[in-house]
Amino acid sequence: TPRRFAGKKMEPLFFRVYESHAGREAYLQNLVVCSLDVVEECVAARASSGGQDMYLGLLAPIDAFRLYGYATSTQIKFIAVVDETARHDEAALRKFFVQCHDAYVTYILNPFTKLDATQITAASFRAKIDAAANAHLRPPARPPSPPTPS
């Protein structure tokens, strides 16, 4: 499942694809780029209503995927593309995005971070995103099959 973060000018800062979707990066990046207009609409609606929630929720179902969004008060956007078949509850998605936001803040606060960098390439940042994905977006393990009688 891909994850992408976009900067204030919609430039991609980080993009990660997991397991079964390896080799489909271009297609998945295109889905995310297409969803950025929806993110902007959600952010504008949130601002006009005085809302403070950074979690934008479901942006759109596209093909076999569901796109979810999160936008910070500093206009950094986080987008997760999740398999349609992997149903996640809102609480897990919120926790995932909060952990991603925390990882981004930690990355930015590092005195060695180049603030004008066009992409986030730090291994520590990638590890935190992977940990958040493993904790909150992995499908639940299937229970073991009952033993067959001999």
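Hey, could you check region 45-65 for residues that are under 17 Å from V98 (Cβ atoms) and of a type in the set (D, E, K, R) and say which is modelled with the lowest pLDDT?
Per the stated criteria, the residue is R46.
In region 55-74, which residues are in contact with a helix residue (DSSP H, G or I) (Cβ under 8 Å, 6 or more places away or on another chain) and not hydroxyl-bearing (S, T, Y)?
Result: L56, G57, L59, A60, I62, D63, F65, L67, G69, A71.
Kindly indicate which of Y104, Y70 is under 19 Å from V43 (Cβ atoms), touching a Phe, Trp or Tyr at 6+ places or on another chain (Cβ under 6 Å) and crowded, with 19+ Cβ neighbours inside 10 Å.
Y70
D83 is checked against (1) closer than 26 Å to I108 by Cβ; (2) in contact with a strand residue (DSSP E or B) (Cβ under 7 Å, 6 or more places away or on another chain) and fails just one. What number does that condition carry?
Looking at each condition in turn, D83 falls short on (1).
Suppose the filter is among the hydrophobic types (A, V, I, L, M, F, W, C) and under 20 Å from A135 (Cβ atoms); does A91 pass it?
For A91, the condition - among the hydrophobic types (A, V, I, L, M, F, W, C) and under 20 Å from A135 (Cβ atoms) - is met.
Return the residues of region 73-92 that are under 15 Å from V39 (Cβ atoms) and buried (at least 20 other Cβ atoms within 10 Å of the Cβ); say none if nothing qualifies.
Within region 73-92, the first condition is being under 15 Å from V39 (Cβ atoms), and the residues that meet it are 73-81.
If the condition is that a residue be under 15 Å from V39 (Cβ atoms) and buried (at least 20 other Cβ atoms within 10 Å of the Cβ), then K77, F78, I79, A80, V81 are the ones that fit.
Given the conditions (1) at pLDDT 90 or above; (2) open to solvent by 20 Å² or more (accessible area, probe 1.4 Å), report the number of the one that F97 does not fulfil.
(2)
Name every residue in region 11-38 that is assigned to a helix (DSSP H, G or I), open to solvent by less than 50 Å² (accessible area, probe 1.4 Å) and of a type in the set (V, I, T), in order of residue number.
Once the filter is applied, which keeps residues that are assigned to a helix (DSSP H, G or I), open to solvent by less than 50 Å² (accessible area, probe 1.4 Å) and of a type in the set (V, I, T), region 11-38 yields V32, V38.
Listed here are the residues, each with its yes/no results for (1) in contact with a helix residue (DSSP H, G or I) (Cβ under 9 Å, 6 or more places away or on another chain); (2) modelled with pLDDT under 90.
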{"position": "V105", "(1), (2)": "no, no"}
{"position": "N110", "(1), (2)": "yes, no"}
{"position": "T113", "(1), (2)": "yes, yes"}
{"position": "H136", "(1), (2)": "yes, yes"}
{"position": "P139", "(1), (2)": "no, yes"}
{"position": "P143", "(1), (2)": "no, yes"}
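The values are calculated or read from the model by the stated rules, or taken from the named source; none is laboratory data. Note that the structure is a prediction, hence the values are computed from the model and not measured. Note: ideal-geometry Cβ built from the backbone for every residue, glycine included; neighbour counts use all protein chains shown. Areas reflect the complete protein model, heavy atoms only, side chains present, ligands, DNA and RNA absent. Shrake-Rupley method; radii C 1.70, N 1.55, O 1.52, S 1.80 Å.
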